[in-house]
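The block underneath contains the structure these notes are about, expressed in structure tokens.
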Amino acid sequence: MNGLGNDFIIVAHFESVPDYAPQMARAMCDRHFGIGGDGLVFILPSEKADVRMRIINADGSEAEQCGNAVRCVAKYAYDHKLSFREALTVETMAGIQHVWLTIEEGKATQVKVDMGAPILRGEAIPVAVNAENVVDHPIEADGAAFAFTGVSMGNPHAVIFVEDAPRFEVEKWGPVLEKHSLFPNKANVEFVSVISPTEVEMRVWERGCGQTYACGTGACATVVAGALTGRIERRALVHLKGGDLEIEWSETDNRVYMTGPAEEVFAGRWHKA
């Protein structure tokens, strides 16, 4: 499945995540010798929600949260009759997420997700900066100077505003910044250019994956960072490499809402041990 080109291998036949999940993810996500994907997602039974989600990145590490994966999981749960509700809940390592589905001809096509309230305090993101809000904080890497805004959407993000995101050297600067000493748990790094107060262009280097076509939590973090710095409004359209997401950081309840598509591409069997 994929959400705007951020692609995942969905497995819904386990009661719990097996001990060999990291090796399984590395093998299955290999684009030459496996299926290929940005991550391996387990859909599991939950005592607290309709379904539970665990995400193993392509490098075998585990992600606390992933907005594109949540949309895929919600679509899978409805389309494959794990849930018959158009409003359902997904348990993640970052908490319970509420999801609303748009149904067309018996299938979920658009998914709106309550991504929760952003975490902005430096130590909680975590960022090695003791501040309530880490806004346009200076960071140096390989002789270059940037400014980042730290946001956690259940996973850590460093949002950097640049002149031209589509032409920015993500493959050069992403891996350097991801592992910077300011980020004790590493970080997802977003490179963002502002088109208008309600529209931005974003490219992303994902922790444990590399550059991907889309990142839902990154799009949420981008709108939060843009609003915090006065660059954009609290509701904006985020253009990613794989398509668009609508993001709103609600003034009413302080929660971030993400709306976008999810798609099932194919199903099959994994024969390797």
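If I go through the range 1-25 residue by residue, how many of them are under 19 Å from the mean Cα position of the chain (by Cα) and charged (D, E, K, R)?
Within the range 1-25, residues that are under 19 Å from the mean Cα position of the chain (by Cα) and charged (D, E, K, R) number 1.
Check the range 105-121 and report whether any residue there is of a type in the set (Ser, Thr, Tyr), in the same structural domain as residue 55 (by TED's automatic domain parsing) and in contact with a strand residue (DSSP E or B) (Cβ under 8 Å, 6 or more places away or on another chain).
yes
Any residue in the range 54-67 that is not assigned by TED's automatic domain parsing to the domain that holds residue 40 sitting within a Cβ distance under 9 Å of a residue that is crowded, with 22+ Cβ neighbours inside 10 Å and at pLDDT below 95? List the pairs, counting only those 6 or more apart or interchain.
Every condition considered, no pair remains.
What about residue 144, is it open to solvent by 10 Å² or more (accessible area, probe 1.4 Å), over 30 Å from residue 82 (Cβ atoms), modelled with pLDDT of 95 or more and over 23 Å from the mean Cα position of the chain (by Cα)?
Yes.
Could you tell me whether the range 19-30 includes any residue that is open to solvent by less than 40 Å² (accessible area, probe 1.4 Å), under 15 Å from residue 266 (Cα atoms) and not in a helix (DSSP H, G or I)?
No, the range 19-30 contains no residue that is open to solvent by less than 40 Å² (accessible area, probe 1.4 Å), under 15 Å from residue 266 (Cα atoms) and not in a helix (DSSP H, G or I).
Looking only at the range 239-246, decide whether some residue is surrounded by fewer than 24 Cβ atoms within 10 Å (Cβ to Cβ), in contact with a Pro (Cβ under 8 Å, 6 or more places away or on another chain), farther than 21 Å from residue 75 by Cβ and outside the structural domain of residue 23 (by TED's automatic domain parsing).
Scanning the range 239-246, I find no residue that is surrounded by fewer than 24 Cβ atoms within 10 Å (Cβ to Cβ), in contact with a Pro (Cβ under 8 Å, 6 or more places away or on another chain), farther than 21 Å from residue 75 by Cβ and outside the structural domain of residue 23 (by TED's automatic domain parsing), so the answer is no.
Just checking, which of 56, 43, 10, 35 is part of a loop (DSSP other than H, G, I, E, B) and of a type in the set (Val, Ile, Thr)?
None of the other options fit; the residue is 35.
Residue check: is residue 77 loosely packed, with under 15 Cβ neighbours inside 10 Å and of a type in the set (Gly, Ala, Ser)?
no
Just the residues that are open to solvent by 70 Å² or more (accessible area, probe 1.4 Å), of a type in the set (D, E, K, R) and not in a strand (DSSP E or B), please, taken from the range 247-263.
251, 255
Out of the residues in the range 166-181 meeting the condition of being touching a residue at least 40 places away in the same chain (Cβ under 8 Å) and either under 13 Å from residue 125 (Cβ atoms) or outside any helix (DSSP H, G or I) (or both), tell me which one is most open to solvent (accessible area, probe 1.4 Å).
181
Would you kindly identify the strands (runs of 3 or more DSSP E) lying entirely within the range 67-153 that contain at least 1 residues that are among the charged types (D, E, K, R) and under 23 Å from residue 253 (Cα atoms)?
Passing ranges, in order: 87-92, 107-114.
Report, ordered by the first and then the second residue, all pairs with beta carbons closer than 8 Å, sequence separation of six or more or different chains, a first member in the range 91-119 that is free of Cβ contacts under 8 Å to residues at least 40 places away in the same chain, and a second member that is small (Gly, Ala, Ser) and assigned to a strand (DSSP E or B).
Sorted first by the residue in the range 91-119, then by its partner, the pairs are 98/87; 99/87; 100/87; 101/87; 101/108; 102/108; 119/152.
On the given criteria, is residue 85 over 14 Å from residue 9 (Cβ atoms), more than 16 Å from the chain's Cα centre (by Cα), not assigned by TED's automatic domain parsing to the domain that holds residue 213 and not aliphatic (A, V, I, L, M)?
Taking the combined requirement at face value, the residue satisfies it.
The values are calculated or read from the model by the stated rules, or taken from the named source; none is laboratory data. As the structure is a prediction and not an experimental result, all values here were calculated from the model. Glycine gets a Cβ as well: all are built from the backbone with ideal geometry, and neighbour counts include every protein chain shown. Please note that ligands, DNA and RNA were not included when accessible areas were found on the heavy atoms of the full protein model with its side chains. Shrake-Rupley method; radii C 1.70, N 1.55, O 1.52, S 1.80 Å.
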